[in-house]
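First comes the structure, then the notes that go with it.
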Amino acid sequence: MEIKITNANNNKIDSVLAMDTVNHNAARTDAIIREYNHLAPEYDRRWSFYIAETIQETLKRLDIKPDSKLLDIGCGTGSLLQAISLRYPSVCLVGIDLSREMLKAAHKKHIKKSHLITGQSQELPFRSNSFDTVVSCNVFHYLHKPQKCIREIIRILKPGGKIIITDWCDDYIACRICDLFLRLLNRAHFKTYGKRTCEQILRNTGCIQVHVDRYKINWLWGLMTAKAQKPSQNTHG
């Protein structure tokens, strides 16, 4: 009888903890949506330099075939998709974002061969082996479980598919200080990562050909761009 009571109590505690985690994650998701719905009308103008630099650094590392299918996670106002469309006009483009207002701004750009949908990076609404390339800019510092997102990316990528992720880099002091303040003051923000941690996350979730570059876009602010690949079907280990 004592064992049954103990198990019942443990189950109740586990259920409460799981519910708290779900509620906390839902609150953070809501905070992200509210923040970017509010920022959407002025986002491109307000962050023009930052957007241009992240696009430039991401495009440097992007090499796709004309018949490729590409997904942009956290596509926002569609600036990266627009740049990719201009460089690779025959590529099929898909963008996903939490914020409907950001997607409305993206729709206004009339990006050719693009499809824009609302959704979460950690529960991607696509079939397995659907995309040749997945890109993401300035999203990972919002993710509570980046490993879950990477596993979802690997699932939807075709064998041998490519991943390119650009985000803040915690190896730079300005980013580290900003990260500390945002953790205290901004419920949407979660955590920035450094080069080594980013490499570990990608390798531990099954990626191969992992390479991370870190760099400054001005005298103050530093970013990193990670490239990785889903193993092809005949790859082991």
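Every number here is computed from the coordinates shown, using simple stated rules; none is lab data. As the structure is a computational prediction, the values presented were derived from the model and not from experiment. Here Cβ is always computed from backbone atoms with ideal geometry, including for glycine, and neighbour counts include all displayed protein chains.
Entry note, the chain: the mean residue ellipticity at 222 nm calculated from DSSP H runs of n ≥ 4, each adding -39500 (n - 2.57), is -14000 deg cm²/dmol after division by the residues and rounding to the nearest 500. Each of G76, C175, L143 was scored by the projection of its Cα onto the charge dipole of the chain, and the greatest displacement toward the positive side belongs to G76; charges sit on the C-beta of Lys, Arg, Asp and Glu.
Overall, the chain carries a charge dipole of about 440 debye about its Cα centre when +1 sits on the Cβ of Lys and Arg and -1 on the Cβ of Asp and Glu, all other atoms neutral. Ranking of I153, I117, I163, I201 by neighbouring Cβ atoms within 10 Å, starting from the fewest: I117, I201, I163, I153. Cα-based values for the range 5-229, radius of gyration first and Dmax second, are 18.0, 64 Å.
Of all aspartates and glutamates in the structure, those lying under 13 Å Cα to Cα from K191, and not within fewer than 8 positions of it along the same chain, are D167, D170, D171, D179.
The residues packed around K145, meaning those with a beta-carbon under 12 Å from its beta-carbon, carry a net charge of +2 if Lys and Arg are +1 and Asp and Glu are -1. In the range 107-235 the Cα-Cα distances spread across 10 Å bins starting at 0 as 12, 40, 33, 15, 1 percent of all pairs. Of all DSSP-defined beta bridges confined to the chain, some 40% are antiparallel rather than parallel.
Taking all Cα-Cα distances within the range 47-86, those exceeding 17 Å account for 25%.
Cβ crowding within 10 Å ranks K227, K112 as K112, K227, fewest other Cβ atoms first.
Taking a straight Cα-Cα cut-off under 19 Å and skipping sequence neighbours fewer than 8 places away in the same chain, the lysines within cross-link reach of K69 are K60, K112, K113, K158, K162, K227, K230.
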